[in-house]
Amino acid sequence: MLGLERRQRIMEKIRLDRKVYVSDLAKTFKVTEETIRRDLEKLEGQDLLRRSYGGAVITESTSEDLSYKRRSAINSESKLAIAEKAARLIQDGDTIMMDSSTTCQALLQRLKGQKDITVITNSIRLMNDFMGSGFKMICTGGTMRESSCALTGTIASQTLEKYYVDFTFISCKGIDREKGIMESNDSEGRIESVMIRQARKAVLLIDHSKFDRTAFVKCDDFSHIDTLVTDEKPSSEWQSYLADNHINLIF
């Protein structure tokens, strides 16, 4: 296993368990404890975790606003798998809204080559990265949140409300069967809620670590979601819940 892949799996584990131990990781990955310590040192250098005696702990809280760089480094393989599946929903000529998530960036990368795709987004990063890509790109305007390169506020919301699209694609920080769809901050949660309501079909893109996870603010209910795309088979409880709410599950 390559070091990069091992560190990605370490991050998946620490996001689920909140803490990891050097000795356990060494046994799991069949490497020396010194190798694991170097992995944790590199991850700490990326501000993804904080080393502690004998292991490491996650650094984020329900309200922590992860930077775009940090989010890009987390579960990158899962995001690519989700993007591959979600791309099959899009046909030439479709109009779509996308939030500022790194999963949406992976999806848009996958859509290169399709014809007459219109993308409406509040993401400065997407506007920059896909300049000259062949997509028709529409930017909302608004107040920029530096950590996520996202435009929010009244101007962004009013722009989105002028358009009706085939699909909205969003991600989020956590989902819970009782609490709904949650985000780390209210301003981006509001934008995602507007996007959901402007689409013929709203698609939620989340990796396995987002299930049963609480974040700071609720941005919407599952009643407004048509499809959920994830990277692994969810629990039987989640499968039943999604089926009962008539939400198409793709994994």
Report summary line: Those residues of the stretch 210-229 that are under 10 Å from residue 175 (Cβ atoms) and within 14 Å of the chain's Cα centre (by Cα) come to a total of 5
Report summary line: Apart from one, (1) at pLDDT 95 or above; (2) outside any strand (DSSP E or B); (3) open to solvent by 30 Å² or more (accessible area, probe 1.4 Å) all hold for residue 194; the odd one out is (3)
Query - Scope the stretch 169-189; condition surrounded by fewer than 17 Cβ atoms within 10 Å (Cβ to Cβ) and either over 17 Å from the mean Cα position of the chain (by Cα) or of a type in the set (A, V, I, L, M, F, W, C) (or both); matching residues - result: 177, 178, 179
Requested in this report: For residues that are free of Cβ contacts under 8 Å to residues at least 60 places away in the same chain, closer than 18 Å to residue 213 by Cα and part of a helix (DSSP H, G or I), tally how many sit in the stretch 11-50.
Outcome: 3
Query raised in the report: For the stretch 6-16, which residues satisfy the criterion of being under 19 Å from the mean Cα position of the chain (by Cα) and open to solvent by less than 80 Å² (accessible area, probe 1.4 Å)?
Result: 7, 8, 10, 11, 12, 13, 14, 15
Query - Among (1) modelled with pLDDT under 95; (2) within 21 Å of residue 175 (Cβ to Cβ) - the single one residue 99 does not satisfy - result: (1)
**Report entry** Neighbours by Cβ (under 6 Å, 6+ apart or cross-chain): first from the stretch 232-249, within 15 Å of residue 208 (Cβ to Cβ); second among the aromatic types (Phe, Trp, Tyr) and open to solvent by 50 Å² or more (accessible area, probe 1.4 Å)
**Finding:** 233/251
**Report entry** Residue list for the stretch 125-168, filter: touching a residue at least 12 places away in the same chain (Cβ under 8 Å), of a type outside the set (Gly, Ala, Ser), more than 18 Å from residue 190 (Cβ to Cβ) and open to solvent by 40 Å² or more (accessible area, probe 1.4 Å)
**Finding:** 125, 127, 129, 136, 137, 164
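Can residue 107 be described as assigned to a helix (DSSP H, G or I), of a type in the set (A, V, I, L, M, F, W, C) and either within 25 Å of residue 88 (Cβ to Cβ) or at pLDDT 95 or above (or both)?
Yes; evaluated as a whole, the condition is true for this residue.
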Query - Selection within the stretch 24-59 - at pLDDT below 90 and open to solvent by less than 10 Å² (accessible area, probe 1.4 Å) - result: 43, 48, 49
Query raised in the report: Mind checking which residues of the stretch 78-96 are open to solvent by less than 20 Å² (accessible area, probe 1.4 Å), more than 19 Å from residue 173 (Cβ to Cβ) and assigned to a helix (DSSP H, G or I)?
Result: 87
**Report entry** Hits in the stretch 104-124 - residues which are open to solvent by less than 10 Å² (accessible area, probe 1.4 Å) and either among the polar types (S, T, N, Q) or under 15 Å from residue 195 (Cβ atoms) (or both)
**Finding:** 104, 107, 108, 119, 120, 121, 122, 123
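Inside the stretch 214-238, can you point out the residues that are touching a strand residue (DSSP E or B) at 6+ places or on another chain (Cβ under 8 Å), open to solvent by 30 Å² or more (accessible area, probe 1.4 Å) and either closer than 24 Å to residue 197 by Cα or among the aliphatic types (A, V, I, L, M) (or both)?
214, 216, 218, 221, 224, 226
The values are calculated or read from the model by the stated rules, or taken from the named source; none is laboratory data. Owing to the predicted nature of the structure, the values given are computational and were not obtained by experimental measurement. Backbone-built Cβ (ideal geometry, glycine too); neighbour counts: all protein chains shown. SASA here: full protein model, heavy atoms, side chains in, ligands and nucleic acids out. Shrake-Rupley method; radii C 1.70, N 1.55, O 1.52, S 1.80 Å.
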